[in-house]
Amino acid sequence: MALMAAQAISSIGDWLSIVAIFTVVGFKWNASPMEIGLLILCLAVPMALLGPVAGIVADRFNRKTIMIVSDIARAALILLLAAASSILMVYAILFTIGVFSAVFIPAKNGKLKEIVGEGDMKAAMAITSMIDSSTKILGPLLSGLLVVAMGTQQVFLVDSATFIVSAGLLLLLPNTIKQESTEEEKAQASFKKELAEGFALLKSSRFMVVGLTLVGMSLLVLQLADSQLIVLIRELTEASPDLFGYLITGSGFGMFLAGLLLAKKTGYRPYPVMLAGVFGIGLSFGMMGILTDADLSYSAIWLPILGFTAGFSASLIFVPFHATVQIDTPVHMTGRIFGVINSVMTTATIIGPLVGGLLATVIGIIPTFIITSGLLVLLALAGYIARRKAERGKLHGSTSERRPSEAAAG
């Protein structure tokens, strides 16, 4: 509960800073589209490049300490954002925040593995997804209200405070007692060797290999269209900024409901659920393109509904995959595995929007959505053909069990 409360508070804080940054850079400094695009890249690139190395750090050192230090460092960096006087300073600060975030994520996943039993892991991952989707709904709304009521400088202060509160909650987490023999092993192990061990473990599980390929490719393809939703909305006669907000809210509700269902019904087979999610997003994006091309009336109704189905489908992809990886990964290697996964997913979120923007410029926004829809449906069908290969893959032995020596101590 402490870990999830910290996640919720810091996620809301992330939304606060994002809206405040875009307000300052976009409106006060009149930044160009390219300069605004670089803001997200500054946060994403460190996670893409440092994911595997950050995972090793999360496995080598105390995960609780890593998370607390990361939160405190980000709190200080957010305060620097409030004093930034140029866009170059903003880029540098965001890049550094991205570095600490890259270390925090595998440490959080590793700590979750330490304190949650295997039987509860699917429910735990579903709940974390519900938290993410809830903050996706509440975060933009709250941040917009605070920017209007308090101004951007005060919002940065509030965001910094959320990281401090998150760090305080993380202090409630149990420490981990490490076995003496593993200390000796870790002292002799090199980063290169540990990284190789992480990749070897990943390759030893067919589900991880096929599942990560499916997740990475799905994320890459859906980002072609997802990053261009605001451009699609502009094609409508009834276009307004509110429509984008309705769409995002509908997506958040869809993700929340899917997380709630997956938390209650944990006996599902992960791979078929993931395939259904890929297929569902493909249909949702395809219908968005078709209905927008027809300029269908009542877009304030059908657009949020399609956002809901897309968000619901997205959770069907990511929640089962992360939950299964958590269950199948030994606790002392969780950081490495999730570092690689985070790197793959972040890389997809960097390349996808760039290719999507180019594609929409060259062939148009409606064809981009239709192509994205077709590729996702084909990907789901290809995954269905390969389902037996993926579902046969299990880690050798019972490596997923938590080490007895790593019992929690208050």
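Based on this model, can you work out whether I18 counts as at pLDDT 75 or above and under 27 Å from L171 (Cα atoms)?
No, not satisfied.
For segment 238-274, which residues satisfy the criterion of being modelled with pLDDT of 80 or more and outside any helix (DSSP H, G or I)?
The one that is modelled with pLDDT of 80 or more and outside any helix (DSSP H, G or I): R269.
So which helices (runs of 4 or more DSSP H) stay within segment 303-406 end to end and still have 3 or more residues that are under 25 Å from L243 (Cβ atoms) and at pLDDT below 85?
334-363
Can you name the residue in segment 60-75 that is within 19 Å of T346 (Cβ to Cβ) and of a type outside the set (A, V, I, L, M, F, W, C) and, of all such residues, is surrounded by the fewest Cβ atoms within 10 Å (Cβ to Cβ)?
The extreme case among them is S70.
Residues G286, G282, G277: which one is more than 16 Å from F207 (Cα to Cα), within 17 Å of the chain's Cα centre (by Cα) and at pLDDT 90 or above?
From the options G286, G282, G277, the qualifying one is G277.
Quick check, is I350 surrounded by fewer than 22 Cβ atoms within 10 Å (Cβ to Cβ) and within 15 Å of the chain's Cα centre (by Cα)?
For I350, the condition - surrounded by fewer than 22 Cβ atoms within 10 Å (Cβ to Cβ) and within 15 Å of the chain's Cα centre (by Cα) - is met.
Test F321 against the stated conditions and say whether it is touching a residue at least 40 places away in the same chain (Cβ under 8 Å), more than 23 Å from R387 (Cα to Cα) and of a type in the set (F, W, Y).
no
The values are calculated or read from the model by the stated rules, or taken from the named source; none is laboratory data. Note that the structure is predicted; figures quoted are calculated from it, not measured. Here the Cβ is made from the backbone with ideal geometry for all residues, glycine too, and neighbour counts use every protein chain on show.
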